[in-house]
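Novice: Below is the structure I would like to discuss, written out as structure tokens.
The values are calculated or read from the model by the stated rules, or taken from the named source; none is laboratory data. Please read these numbers as outputs of a predicted model, since none were measured by experiment. Neighbour counts are summed over all protein chains in view; Cβ atoms, including those assigned to glycine, are modelled from backbone coordinates with ideal geometry. Surface areas here come from the heavy atoms of the whole protein model, side chains and all, with no ligands, DNA or RNA. Shrake-Rupley method; radii C 1.70, N 1.55, O 1.52, S 1.80 Å.
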Amino acid sequence: MSELSTGNLPDRKIRVLAVAALLMAFVLVVAGGLVTSRDAGLAVPDWPLSYGGINPPRWYEIDKVRTEHGHRLIAASVAVVTCLLGLALYRNDTRKYARTLGLAAIAAVLAQALMGGLRVIWLSLDLAMVHGWFGQAFFGILAAIVTVTSPSWVNDEALEDHTPLQRPGIIMLSLIGLQLAIGVSLRHMPGSAGVLGHPLFYLHLLIGLSILFASLRLARQASRTGGPAGRTTRRLCGVLWLQVGLGIATATLLQLSGQEGSAGLALSWLPTLHVAVGAGALGLAVAGLLYAYRPPLQRDEQLAADLN
Amino acid sequence: MMNLLLRGIAVTAVTTAMLLAGGVHIADAGGSITGTVSFEGDAPSRRPIRMSADPACDAANPDGRLGDAILIADGKVQNVFVYLKEGVTGTFEKPTEMLKIDQKGCMYSPRIVGTMVGQTIEITNSDSTLHNVHSMPKESKQFNQAMPIKGMKIKKRFTAAEIMVRVKCDVHPWMAAWVGVLDHPFFAVSAADGSFTIENVPAGTYTVEAWHEKFGTRTASVTVSEGGSVGSDFSFARAN
Ligand code: HEM
């Protein structure tokens, strides 16, 4: 059943695999965020084995080991699903960009796993930062795959004019990417000065306010645009407003507690949620932009496929 | 026979010259520095450690455990690292015996130690749980080593002098040890009664520093005479 031509709806198995990979990667970003928030990154000092074995003794009973080793186990399953997805796309999808995305996802997940391991072995805080940032980028690649394999990517509704969302979409995606990179860096700053003590925090705040401002304009533009581009962009704006709220709550909590990285429940979950919703915003921004730039030749190919 | 005699004289002469010129010292002569470390004012109270992050640590301490960063009894401070900071010349042989650090009851024992550059440090895990030993020197290479099994021992050494190197366990965040790494053997750690003795110090004038992980440092100048004992007391107070 290889009726996958450009613009045709890909095999259901691939779509399911893509959505599964994205959902699992979201859980993985949450798990990774918890590792940073709980300062558990070095609680398992070796890699690729953990304390010399597949599973360290009593790992699920010991808080920090459960957090770090759990992240590794989830990462391993995400890596497997991503490799299956990438290979399936490469072998079955006729669209060059979809095949490229499949290979990019495989390369990204392997590079990310390697980086996570080297961060531990080399005791490198710089690599921890790059790993955090790249985790978001990997999530963005999976969001792109889910988008180009989704039914709305190939249905008629998607053929409306989305060009007005292109430029503001690019600006928004760039702002979100920058904001995530600064946010991750901020989470890896040493010192106990409290979040307000870091100059980077003020840059994060400034870009956050710019995103809020840009989202108001983007929402107005999206409300005039139908189809999946308008719909996705409207969702993006909603998520961004939630994210601004989470950001304010996180900064307030961290400042009041004065102890970043503490194991307290709210102190580990609230910043992690802020990281995860950030990934969600990036995914929606990628999807919205892809819809806005969807290749116009889809219709002809859809018709050709229907006629066959 | 004559040859042997001449050779003996030559060896003795070279060894004496090296010692006089500040070459390799054998630290078994000289005087000593003794003193007591006290605390002014009310001693901060010791807080109980919450070990619930690992049930095995909880089980190893059924009656609970108090933090040991500050140990003060009757106004005397334990675990102060006292060493010669300035004035030492020459090179010194590192001891052949190993410095031993144990992980027991999810605590380091001892918490404050001194070692010479290159001296072997043997670290043991006496607990029924896993630990990792993570040293954080700035002058030597950091290490972070898994110790998952009870009875496991590892050997490490530092390659450069540094006051003080923090050692921690990333699994049990309350665990901390501090290692003073020196290129000479003139250091001591204050006992429960606050007393310390640095022995075999070559005659001369030195700056002595007393280091406490919470209260900071104090210094004093002392002059040691051959065969004599000089006193140098230190006093800490609450950090502002
Ligand atoms: C393969 C897919 C992986 C993804 C998508 C991923 C994602 C993430 C994310 C999003 C974070 C949080 C960064 C932050 O809070 O700012 C994180 C943290 C972390 N990850 Fe991964 N990770 C992956 C694999 C691994 C692997 C295989 C390891 C193996 C050791 C690892 C080790 C770590 C560590 C140690 C941290 C905490 C860094 C720190 O010390 O703060 N990760 N990861």
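Novice: Going through region A:46-61 one residue at a time, which ones are away from the ligand (no atom under 13 Å from the Cβ), more than 8 Å from chain B (Cβ to nearest Cβ) and not β-branched (Val, Ile, Thr)?
Specialist: Of everything in region A:46-61, those that are away from the ligand (no atom under 13 Å from the Cβ), more than 8 Å from chain B (Cβ to nearest Cβ) and not β-branched (Val, Ile, Thr) turn out to be A:Asn55, A:Trp59, A:Tyr60.
Novice: Tell me the residue from A:Ala43, A:Ala75, A:Ala79, A:Ala31 that is at the interface with chain B (Cβ under 9 Å from one of its Cβ atoms) and either near the ligand (Cβ under 8 Å from one of its atoms) or part of a loop (DSSP other than H, G, I, E, B) (or both), please.
Specialist: Of the residues listed, the single one that is at the interface with chain B (Cβ under 9 Å from one of its Cβ atoms) and either near the ligand (Cβ under 8 Å from one of its atoms) or part of a loop (DSSP other than H, G, I, E, B) (or both) is A:Ala43.
Novice: Tell me which of these B:Thr115 doesn't satisfy, since it passes every other one: (1) over 14 Å from B:Phe81 (Cβ atoms); (2) buried (at least 20 other Cβ atoms within 10 Å of the Cβ).
Specialist: Condition (1) is where B:Thr115 drops out.
Novice: Looking at (1) out of contact with any helix residue (DSSP H, G or I) (no Cβ under 7 Å at 6 or more places or on another chain); (2) within 13 Å of chain B (Cβ to nearest Cβ); (3) surrounded by fewer than 24 Cβ atoms within 10 Å (Cβ to Cβ), which one does A:Arg91 not meet, given that it meets all the others?
Specialist: (2)
Novice: Still on this structure: Of the residues that make up region B:125-132, is at least one under 19 Å from the mean Cα position of the chain (by Cα) and either touching a residue at least 12 places away in the same chain (Cβ under 8 Å) or on the phi < 0 side of the Ramachandran plot (or both)?
Specialist: No - not one qualifying residue is present in region B:125-132.
Novice: Residues of region B:165-203 being away from every other protein chain (no Cβ under 14 Å), part of a strand (DSSP E or B) and open to solvent by 20 Å² or more (accessible area, probe 1.4 Å), which ones?
Specialist: B:Trp178, B:Phe187, B:Val189, B:Ser195, B:Thr197, B:Glu199, B:Asn200
Novice: Of all residues in region B:204-232, which are of a type in the set (Lys, Arg) and not in a loop (DSSP other than H, G, I, E, B)?
Specialist: Across region B:204-232, the qualifying residue is only B:Arg218.
Novice: Select from region B:73-99 the residues that are open to solvent by 40 Å² or more (accessible area, probe 1.4 Å), in contact with a Phe, Trp or Tyr (Cβ under 8 Å, 6 or more places away or on another chain) and at negative phi and list them in ascending order.
Specialist: Matches in region B:73-99: B:Lys76, B:Lys85, B:Glu86, B:Val88.
Novice: Only one residue in A:Ile141, A:Ile170 is under 16 Å from the mean Cα position of the chain (by Cα), open to solvent by 20 Å² or more (accessible area, probe 1.4 Å) and touching a residue at least 12 places away in the same chain (Cβ under 8 Å), so which one is that?
Specialist: Residue meeting the stated conditions: A:Ile141.
Novice: Give region B:123-161 a look and list any residue that's assigned to a strand (DSSP E or B) and among the β-branched types (Val, Ile, Thr), or say none. I'd like the intermediate steps shown before the answer.
Specialist: Let us first name the residues in region B:123-161 that are assigned to a strand (DSSP E or B), namely B:123-125, B:131-135, B:143-147, B:153-156.
Result: B:Ile123, B:Thr124, B:Val133, B:Ile154.
Novice: Go through (1) of a type outside the set (A, V, I, L, M); (2) part of a helix (DSSP H, G or I); (3) within 16 Å of the ligand (Cβ to nearest atom) and name the single condition A:Tyr97 misses.
Specialist: Unmet condition: (3).
Novice: So A:Ile121 ticks every box in (1) more than 10 Å from the ligand (Cβ to nearest atom); (2) modelled with pLDDT of 95 or more; (3) out of contact with any Leu (no Cβ under 8 Å at 6 or more places or on another chain) but one. Which box is left unticked?
Specialist: Failed condition: (1).
Novice: Just checking, does region B:138-153 include any residue being away from chain A (no Cβ under 14 Å), open to solvent by less than 60 Å² (accessible area, probe 1.4 Å) and among the small types (Gly, Ala, Ser)?
Specialist: There is no residue in region B:138-153 that is away from chain A (no Cβ under 14 Å), open to solvent by less than 60 Å² (accessible area, probe 1.4 Å) and among the small types (Gly, Ala, Ser).
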